[in-house]
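The values are calculated or read from the model by the stated rules, or taken from the named source; none is laboratory data. Every value quoted in this text rests on a predicted model; they were computed, and no experiment measured them. Don't worry about glycine lacking a Cβ; one is built from the backbone with ideal geometry, like all the others, and counts go over all protein chains shown. All accessible areas refer to the heavy atoms of the entire protein, side chains included, with ligands and DNA or RNA removed. Shrake-Rupley method; radii C 1.70, N 1.55, O 1.52, S 1.80 Å.
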Amino acid sequence: MSPIYLAQDPTLADFGRDPWWLVLGKIVFAFAFGLLATLLGVWFERRVVGYMQVRPGPNQVGPFGLLQTLADGLKMAFKEDILPKAADKVVYFFAPTISVICAVTALSVVPFGPMVSIFGHHTPLQVTDVPVAVLLLLACSSMGVYGIVLGGWASGSTYPLLGGLRSSAQMISYEVAMGLSIVAVFMTAGTMSTSGIVAAQGDGTQLTVFGQPIPAPGWYAILLLPSFIIFFIATVGETNRAPFDLPEAESELVAGFMTEYSSLKFALFMLSEYVAMVTMSAVTTTLFLGGWRAPWPITIWEGANSGWWPMLWFFGKVIALVFVFVWLRGTLPRLRYDQFMRLGWKVLLPINLVWILVLSGLRSIEDWDTRGKVIAVGIPAGILLIATIFWPSRRPKPKPTTQEQVDNRPHGSFPLPPMDLQVPPSPRITRVVAEREPANIVAGSDSREV
C-alpha cells in the first residue's frame, strides 16, 4: 500500500466493510483503551497532584508506583459488599454499570487514526462512524446522568438522593452549553461525522480580509476559540471533576450519590468518572484539536500523518488534556453550588448564543464584496463599542468615610466617642502627678529640696 493511501482520511463509505473479526478487534481495542487509560489515569493524577503538593505520591507498588491502581482495584474487589436494607436491589445493582457503559460506548465513534492496513484489510482506525456521530456522543454523555440519579435514588438514603438530584441538575445544565458550543463546529465543518470533522481540520483555513487571503490554522480550538473554551468548561462540569465536583462534596453531602456503595460497585462509579474524563478528552481532541493529525511543526515531515504514527499524536493530545483536568483539581478550590449554576446559565449560555449569532452572520456574508463586508461588520461593531462606552456602570457608590458620616449626623444626636480611639487622660492622674512634684524653697544658703 502506498503512503499516499495510508494518509487518506476515512469517509462514511469506508465503514461497514470490515470482516467480523476485525470489527470485534476494534471493539476490544476501544474498550481496552478506556480501561487501561483509566488505570493509568488514576496513577497519573496521584503522581501529578503529589508533585504539585511537594510529596512523592504512589511509589511503593511496582516501578514508580504503576501497580498502585491495580492493587486498589483488588482491595476493593475483596471488600464486603454492603446492600442497604431500604435499597432497590435491581436498580442499585445496575446504576453503576449504566455510567460505565455510556462512557465506554462514546469511544466507538472516536477516530484514533487514518486508513491503515491490518492483515491486508484497508480499514480506518475507528470502530464505526455515522452521519450524526457527534449527536451520539451527546446522547451517551446525557445517558450517563441516569446512572448517577438512579444510584442516589436506589440507595434508599437521604444524602445519596440529594447528591443524585444535584448531579442531575448540574449535568443537564452543562449539557446545554456543551451542545451549543458544538453548533459552531457543525457550521464550520459542514458535517456531524467525527471523521469528517477531523478531515475538515486537516488543511489550513484561508481567511479573506479586505480582499487579501490570509492563511489561518485549521484547528477549531483556534478558529472557534470561544466555543473551545466553553466546551472544555462544560466538559469539566459534565464529568463532575474539580472544581465542579459538587455531587461528591464530602463536607456537604457525605460523598454524595455513592455514599451507600462499596466494593466493586463503588469501583465502577470511580471507574466511570475516569473513563468519562478520558472519553471527553478524546472527544475534545477530535472536535477541536485536529484529531489524530500531527501538530505543527511535526507536519513538516511528510509521513507524520501516515500509517500508525497518528495514533501517537492522538494519545499525546489526550494525555495533555487529562493533565489539564488534574491541574485544575490541584489548583482551584471547589465552587459553591449557586456559583456553579450561575456560571452555566447566566455566563456560558448567553456567551454561546451571542457567539453563534456572530458566527452565523460572518458565514452569511462570505460571498459579499469587500465594501459590503466592511459595512456589515463595521456598523454592528461600532454600535457595540458605543454601547460599551456609555453603558451605565453597576458599580456600587463608594461608602462615605467615618468622618463624613460623623459630619452628616443630624443635630441633637447621641454623643460619640473619640474617632481617633484616644481616650483623654483622667484629671485625677494630673492631680496626682502635680502632688508628687518637688517643691523648691529658697531660705538662705542652707536651702534644701523638700
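List of remarks:
- Accessible heavy-atom area order of R334, R166, highest first, probe of 1.4 Å: R334, R166
- Dimensions (Å) - segment 97-162, Cα atoms, principal axes, largest first: 57, 24, 12
- Counting heavy atoms of the protein chains alone, S99 has an accessible area of about 10 Å² for a 1.4 Å probe.
- Rounded to the nearest 500, the 222 nm mean residue ellipticity of the chain from helices alone is -18500 deg cm²/dmol, with -39,500 (n - 2.57) taken per DSSP H run of at least 4 residues.
- Residues with amide H under 5 Å from that of N305, placed H, sequence gap 5 or more: none
- For percent of Cα pairs over 44 Å apart, calculated from these coordinates, the label among (i) 25; (ii) 32; (iii) 7: (ii)
- Gain on full stretching of the segment that runs from I379 to K75 - 0.36 nm per residue minus C-alpha separation: 102.9 nm
- For segment 305-318, Karplus couplings with θ = phi - 60° (6.51, -1.76, 1.60), whole Hz, Gly/Pro x: 9, 10, x, 9, 4, x, 4, 5, 5, 5, 5, x, 5, 5
- Sorting V322, V61 on solvent-accessible area from highest to lowest, probe radius 1.4 Å, gives V61, V322.
- A simple rule links phi to the HN-Hα coupling: the Karplus curve 6.51 cos²θ - 1.76 cosθ + 1.60 with θ = phi - 60°, which for segment 258-271 gives 9, 4, 8, 9, 8, 6, 5, 5, 5, 4, 5, 4, 5, 5 Hz, with x for Gly and Pro.
- For M52, the accessible area of its heavy atoms, probed at 1.4 Å with every protein chain present, is near 70 square angstrom.
- Ordering F64, F33 by accessible surface, largest first, gives F64, F33; the 1.4 Å probe counts only protein heavy atoms, with every chain in place.
- Packing-based ranking, highest mean first, of 10-17, 347-354, 407-414, 368-375 given that Cβ atoms within 10 Å are counted: 347-354, 10-17, 368-375, 407-414
- Quarter of the Cα convex hull surface for segment 317-378, i.e. its orientation-mean projected area (nm²): 7.2
- Just so you know, the Rg over Rh for segment 279-339 is 1.16, from Cα atoms, with Rh as the Kirkwood radius.
- Here the peptides 261-274, 100-113 are ranked by packing, the mean other Cβ count within 10 Å, and the order with the highest first is 100-113, 261-274.
- Entry comment: accessible area of the chain is 58 Å² per residue, from protein heavy atoms only and a probe of 1.4 Å.
- Applying the Karplus relation 6.51 cos²θ - 1.76 cosθ + 1.60 with θ = phi - 60° to segment 324-331 yields 3J(HN,Hα) values of 5, 4, 5, 4, 4, 5, x, 10 Hz, where x marks Gly and Pro.
- For the chain, the fraction of 1.4 Å probe accessible surface lying on carbon and sulfur atoms is 68 percent.
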